[in-house]
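One structure below.
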Amino acid sequence: MLESYIEKIDLLSEAECLDIIEEHKNASWGKHRWRQNAVDTTFEQDHDPSVLEMDPKWGHLVFKKLEAPLRKYFDDRGQDFLVKSLSVPRFNKYVDGQTMDWHVDHIHSLFDGNLKGIPILSINTLLNDDYAGGEFCFNLDGKEVVYTLSAGQSLIWPSVFLYPHHVRPVTKGERQAFITWGF
């Protein structure tokens with residue numbers, strides 16, 4: 001049942017993925033930060049990926065390309081279209097040994113005072129597939145389920161506690177992806 005709410009789609013062409021990677025390669029990347037809600041603090045870990053907000057030019061392309069698949073996602077489930085906006089896409093870049101620990105997408109940083117809403121969908125898009133390791137996994141009903149994506153493919157799923165997920169360590173090369181949240 002839970003797996004029926006995870007959908008894989010083809011979103012970007014290989015050329016678009018390569019262009020996005022190329023245009024952002026010399027940007028000033030930061031380190032992923034975790035939020036500890038109970039004590040309202042943030043922290044980072046050595047094995048976390050580098051992160052960067054996407055250039056608005058590419059964000060616009062992503063938003064345009066996501067509209068029809070997101071409408072279909074809701075239509076296929078007999079639901080009204082609930083996404084009013086998308087967050088600025090955020091890159092996650094992983095090199096050898098980097099991973100993303102188990103977590104759920106309860107994202108506070110989206111709402112900085114200007115934006116209002118609740119993330120209802122997570123959309124993760126892979127930009128390259130020339131690396132080893134780095135598998136995207138969900139814990140569904142106590143079982144780890146691995147999703148394999150090709151460059152340009154996205155996973156869409158509900159941004160709720162029922163969908164804990166992680167990225168296994170990259171063992172060779174560099175894994176580049178971006179995430180955006182619908183709210």
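Kindly establish whether Gly152 is farther than 23 Å from Leu66 by Cβ and modelled with pLDDT of 95 or more.
No: the conditions fail for Gly152.
Would you be able to say whether some residue in segment 55-65 is assigned to a strand (DSSP E or B) and of a type in the set (D, E, K, R)?
Within segment 55-65 (the criterion being assigned to a strand (DSSP E or B) and of a type in the set (D, E, K, R)), the answer is no, since none of the residues qualifies.
Search segment 151-183 for residues being in contact with a helix residue (DSSP H, G or I) (Cβ under 9 Å, 6 or more places away or on another chain) and among the polar types (S, T, N, Q), and hand back the single one that is surrounded by the fewest Cβ atoms within 10 Å (Cβ to Cβ).
Thr180
If we keep just the residues of segment 114-140 that are on the phi > 0 side of the Ramachandran plot and modelled with pLDDT of 95 or more, which is farthest from the chain's Cα centre (by Cα)?
Residue satisfying both the conditions and the ranking: Gly133.
Return yes or no: is Leu11 surrounded by 18 or more Cβ atoms within 10 Å (Cβ to Cβ), under 25 Å from Pro158 (Cα atoms) and at pLDDT 95 or above?
Answer is yes for this residue.
What number of residues within segment 130-157 are closer than 21 Å to Gly59 by Cα and of a type outside the set (A, V, I, L, M)?
Going through segment 130-157 one residue at a time, the tally reaches 5.
With respect to Ala68, determine if the residue is over 26 Å from Val170 (Cβ atoms) and modelled with pLDDT under 85.
no
Any idea which of (1) in contact (Cβ under 8 Å) with a residue 40 or more places away in the chain; (2) surrounded by 14 or more Cβ atoms within 10 Å (Cβ to Cβ); (3) of a type outside the set (Val, Ile, Thr) is the one Trp102 doesn't satisfy?
Condition not satisfied by Trp102: (2).
The values are calculated or read from the model by the stated rules, or taken from the named source; none is laboratory data. All values derive from a computational prediction rather than experimental measurement. Using ideal geometry, Cβ is built from the backbone for each residue, glycine included, and neighbour counts are taken over all protein chains shown.
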